[in-house]
1. Cut-off under 16 Å on the C-alpha distance; same-chain residues fewer than 8 positions from K292 excluded. Which lysines are left, in chain and number order?
2. With N denoting the number of residues in the chain, provide Rg(C-alpha) divided by 2.2 N^0.38 Å, to two decimal places.
3. Could you please report the charge total around P81, scoring K, R as +1 and D, E as -1 over all other residues with beta-carbon less than 9 angstrom from its beta-carbon?
4. Give me the one-decimal Kirkwood hydrodynamic radius in Å for region 369-415, with the sum taken over alpha-carbon pairs.
5. Need the full-extension length gain, K402 to E137, defined as separation in residues times 0.36 nm minus the C-alpha distance. One decimal, nm.
6. Expressed as a rounded percentage, what relative contact order does the chain have, with Cα pairs under 8 Å and six or more residues apart?
7. Give the lysines whose C-alpha is closer than 21 Å to that of K19, dropping any in the same chain fewer than 8 places away, or say none.
8. Compute the angle between helix 388-400 and the longest alpha-carbon principal axis of the chain, please, reported from 0 to 90 degrees and rounded to the nearest 10.
Amino acid sequence: MSSRIPGFYKLSVEERLKKVAEFAGLSDEEVKAVLSQGLPLDVADRMIENVIGTFELPLGIATNFLIDGKDYLIPMAIEEPSVVAAASNAARMARESGGFKTDYTGSLMIGQIQVTKLSNPQAARFEVLSHKEEIIEKANECDPMLVKLGGGCRDVEARVIDTIMGKMLIVHLIVDVLDAMGANAVNTMCESVAPFIERITGGKVYLRIISNLAKYRLARAKAVFDKDVIGGEEVVEGIMLAYAFAAADPFRCATHNKGIMNGISALMIATGNDFRAIEAGAHSYASIGGYKPLTTYEVDKKGNLVGTIEVPMAVGVIGGATKVNPLAKISLKILGVDTAEELARVAAALGLAQNFAALRALATEGIQRGHMELHARNLAIMAGAVGDEVDKVVEIMVRDRKIRLDYAKEILEKMRG
């Protein structure tokens, strides 16, 4: 089936879910799980400490995505209005030129081992690199299953840094974690080689932990947005000016990159991934050499807009909450991905779509107009409107351009006589 579903937003919740179930082949039990409380209390109580309940977010579906020639419906868990609609609209526009093309550098993560109290840190660095093969062997001994599946420690790096506590030697284990996010595997390897590193360097090891700056695990995406499809040359120029602003100003760039993560983080939450790690990795990667946008925009010879994104993507489809939370498992099934690589590629395409949609809105009618109706809907519900009253209150607020709670209450009172 195609992810291009015109009028999807006009359908009822049940009708939308039926379409998604047909697309993803969901069972009756999975459909019921989506409609009911997705995370049972007994499961939640085993996932974290001191559980008193669960906290729900809306789970929406971004449509129209064509990525590397394959159709996707993308589940997104998010509270912010207009994000899902914006992503879907951007994907529809990109689809006119063939959709999104993606690339992935591999599933290599970095584990850090902090060596302190060194009288000769450069000599200690030499010793570490001289014993590289032994360190790799010792690291791989603690996870034979990962090695058997084709992963494991691949390389060792070492660098001396100057800190307020003196010079330190930082050793990096470069580990292929395959389809996992990798924190458990990498942290275990760092723990296992720490005594050996202390012995050969004569130093004292303190921190042994994964880095969320996954610079060897990058996902990239590209899309061409036809100038006539997105609104003409003036819109192209407006987007380029908005991008130039973000590239030159960190205050604007922070919001630019936040918009990218609106989409990526919503997908990470829906699939049970560590969205905080992804956020940290993205922003720290953007900071290398000075804080810059994670996306780039150019104009081709035909006057079309060409957008690209490059972002660290330490995602997993095994481990963590991906297989524990029932809705996370269903979200992965809806998405139709079997590997961390495919999930990373989809996330990059979604991030680019989200960013393009935001820049286009800013360059045309402004970002607030897209939020207006959905914000008005929230206010109508807060005012006490139910059923058809909600749509009527929203219609009047938007028409009068008074999106306020007091006005929603006033409209409701008049409607009810």
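1. Filter leaves K215, K258.
2. Computed over Cα atoms of the chain, the ratio equals 1.12.
3. -2
4. 9.9
5. Full extension from K402 to E137 adds 88.7 nm.
6. Reported relative contact order: 19 percent.
7. K10, K32, K70, K329, K333
8. 90
Since every read-out is calculated from the coordinates, none of them should be taken as a lab result. All values derive from a computational prediction rather than experimental measurement. Note that we place each Cβ from the backbone using ideal geometry, even for glycine, and neighbour counts take in every protein chain shown.
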